[in-house]
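Worksheet: the structure to be examined is printed underneath.
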Amino acid sequence: MLKYQRIAEDMEQYIVDNELRQGDKLPVLEDLRKKYEVSKSTITKALELLEMKGIIYQVRGSGIFVRRHRRKGYINLDENQGFRSGLDDFQLTSEVLGLEVVTPSEEVMANLSISAEEPVYQVKRLRFIHEQPLCIEESYYKKSVVPFLNEQIVSESIFTYLREGLKLKIGFSDNFFHIRKLDEDEAELLSLDAGDPALYYESVYHLPNGEPFDYSKLVYNYQEAQFYLQINSF
């Protein structure tokens with residue numbers, strides 16, 4: 001983790017620990033620079049990261065203010081740090097439904113920009129929140145980028161493994177949503193009825209150089225899932 005990222009993480013924890021709310025003012029840039037004993041550019045990067053995450057906002061000539069008014073239990077639709085991000089206070093578990101190396105389908109090839117000769121890991125999981133089924137997840141990882149997965153890794157946080165185990169940096173993601181009805185197999189897994197509504201969510205995650213490496217499809221239980229999306233500028 002880079003210095004500015006550690007500072008941003010520390011500032012975010014400070015906001016949480018002190019129960020700061022929307023509009024509360026934070027120390028000015030120069031005070032932050034002295035506190036962390038770093039350059040102005042390092043503090044600026046940390047503030048830009050927090051602003052991008054929707055945690056603070058800056059007003060020229062007035063200062064730095066707390067922005068986030070997080071609703072407990074809501075999933076951030078604009079979060080690139082994995083499924084668990086923002087749900088730290090909740091009991092999240094996974095049931096692994098499948099893990100194998102497969103030949104990519106046309107759909108997977110198109111989303112990961114690969115040929116049929118490049119193998120991928122296929123991971124299927126049922127995700128729970130407080131023991132209630134939250135979503136069905138089906139993910140495909142380029143084996144050239146993610147060379148090894150096992151059941152222990154995929155039963156926990158794959159993104160933590162990618163960041164800490166493989167030292168991968170996640171660049172950005174493209175996300176697509178639509179509403180449809182559950183089929184019988186999906187309904188059984190989510191403890192719902194066939195024909196019930198569901199949010200269908202597709203994501204393609206990229207490395208910082210733009211290479212796609214993870215194509216994921218999730219079907220959310222409408223009774224358990226809540227989402228939010230913050231807009232940073234117009």
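Any read-out appearing in this document is the output of simple, stated calculations on the displayed coordinates, not a laboratory observation. What you see is a predicted model, and the numbers here were worked out from it, not measured in a lab. Glycine also receives a Cβ, built like all others from the backbone with ideal geometry; neighbour counts cover every protein chain displayed.
Normalised by the number of residues in the chain, the average gap of Cα pairs under 8 Å and 6 or more apart makes the relative contact order 17 percent.
At 0.890 mPa s and 25 °C, plugging the Kirkwood radius over alpha-carbon pairs of the chain into Stokes-Einstein gives what diffusion coefficient in µm²/s?
On the way: Rh = 19.6 Å.
Once the numbers are plugged in, D ends up at 125 µm²/s.
For the listed residue pairs Lys3/Lys167; Lys124/Lys169; Lys3/Lys169; Lys142/Lys169; Lys181/Lys217; Lys124/Lys217, the alpha carbons are over 18 angstrom apart in Lys124/Lys169. Give the cross-link partners of Lys40 among the aspartates and glutamates, using a straight C-alpha distance below 14 Å as the criterion and excluding same-chain residues fewer than 8 apart. Here the aspartates and glutamates satisfying the reach criterion relative to Lys40 are Glu30, Asp31, Glu48.
By the gyration tensor of its Cα atoms, with a ≥ b ≥ c the square roots of the eigenvalues, what is the shape of region 135-234: rounded for a/c under 1.5, prolate for a/b over b/c, or oblate? Could the numbers behind the result be given before it?
Working: a/c = 2.31, a/b = 1.44, b/c = 1.61.
Cα axes put region 135-234 in the oblate bin.
Taking every DSSP helix (H) stretch of at least 4 residues in the chain, weighting each as -39,500 (n - 2.57) and dividing the sum by the residue count yields a mean residue ellipticity at 222 nm of -6500 deg cm²/dmol. Distance from the C-alpha centroid of region 96-147 to that of region 1-56: 35 Å, rounded to the whole angstrom. A simple packing score, the average count of other Cβ atoms within 10 Å per residue, orders the peptides 164-175, 202-213 as 202-213, 164-175, with the highest score first. Ranked by the mean number of other Cβ atoms within 10 Å per residue, highest first, peptides 120-130, 94-104, 138-148 order as 120-130, 138-148, 94-104.
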